[in-house]
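Let me begin by presenting the structure, written as structure tokens, before commenting on it.
The values are calculated or read from the model by the stated rules, or taken from the named source; none is laboratory data. Here the structure is a predicted model, which means the values were calculated and not measured. Note that we place each Cβ from the backbone using ideal geometry, even for glycine, and neighbour counts take in every protein chain shown.
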Amino acid sequence: MSPDPAPRVPPQRRHDAPRAAHRTYTLVGADGTARPSATPGTLGGQRRGGLYGRLDCPAALRAIARGHYVRGRVFFADEATAVAAGYRPCAVCLPERYARWKANQEGTPTP
């Protein structure tokens, strides 16, 4: 009797390739336009509300779980880009930054 042949391993098809290696992310640039990026954003935002915050923001995660917020969701490489694009900090996950932003909007000095 001959030994069992080695199992055949099918050639890797394109859709079997690891997605992370070929993933393209869409990030909003400082001018407000969306651009493809090889790296994911560090902050998320909402186009309609014009705000940005952490990717793990409890308020954003609640809205997403309810089926809202996803359509207008945007991502930024960093905070400077979000601010340059005209977005404001989230009051829930970035309360100190939000307080500074709010004080500047009202024209009151910030500490």
Counting just the residues of region 79-99 that are small (Gly, Ala, Ser) and assigned to a helix (DSSP H, G or I), which one comes out nearest to THR26 (Cα to Cα)?
ALA82
Matching residues, region 42-78, being surrounded by fewer than 16 Cβ atoms within 10 Å (Cβ to Cβ), in contact with a Lys or Arg (Cβ under 9 Å, 6 or more places away or on another chain) and assigned to a helix (DSSP H, G or I)
ILE64
Subset of region 29-41 (residues that are in contact (Cβ under 8 Å) with a residue 12 or more places away in the chain and part of a loop (DSSP other than H, G, I, E, B)):
GLY29, ALA30, ASP31, GLY32, ALA38, THR39, PRO40, GLY41
Restricting attention to region 79-111, which residues are surrounded by 15 or more Cβ atoms within 10 Å (Cβ to Cβ) and among the hydroxyl-bearing types (Ser, Thr, Tyr)?
THR81, TYR87, TYR98
Does PRO11 satisfy the criteria of being more than 15 Å from the chain's Cα centre (by Cα) and at pLDDT below 90?
yes
